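The structure appears below as structure tokens.
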Amino acid sequence: VSADGADEAEALRAMESTIVAIRQRFGGLIVGEDKTDVAESLLDELARTGKTLAVAESCTGGLVAHRLTAIPG
């Protein structure tokens, strides 16, 4: 989620209703919030929960798989 504003506070206010709606709808599925690398956050969450992930890509040209497999371990 991103927004423009005269300053950071204005941009944050502009995003607030969208962020609230996303949290209400997807709450426990959100990973990587406030993190710089969402791929690392996702892999950490998968390891923590013992779950796995499968991806099928077309328009992304393999970027999702690349971002995940570029992280050691």
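The values are calculated or read from the model by the stated rules, or taken from the named source; none is laboratory data. As the structure is a prediction and not an experimental result, all values here were calculated from the model. Cβ: placed from backbone, ideal geometry, glycine included. Neighbour counts: every protein chain shown. With ligands, DNA and RNA removed, areas are computed over all heavy atoms of the protein, side chains included. Shrake-Rupley method; radii C 1.70, N 1.55, O 1.52, S 1.80 Å.
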Query raised in the report: Roughly how many debye, to the nearest 20, is the charge dipole of the chain about its Cα centre, given +1 on each Lys and Arg Cβ, -1 on each Asp and Glu Cβ, and no other charges?
Result: 440 debye
Query - Loop-resident sites, the stretch 12-56, for GluC sites (Glu not before Pro), counting at most 16 other Cβ within 10 Å (DSSP) - result: E33
Query raised in the report: Given a 1.4 Å probe and the protein chains all in place, what does the accessible area of K35 round to, in Å² to the nearest 10?
Result: 130 Å²
Report task. Of the listed values [x] 67; [y] 56; [z] 52, grab the one calculated as percent of Cα pairs over 15 Å apart from the structure here. Result -> [x]
Requested in this report: Would you look at the GNM of the chain, springs on alpha carbons closer than 10 Å, and say which of A14, A47, A39 moves the most?
Outcome: A14
Query raised in the report: What angle, in degrees between 0 and 90 and rounded to the nearest 10, separates the Cα long axis of helix 38-49 from the longest principal axis of the Cα atoms of the chain?
Result: 60 degrees
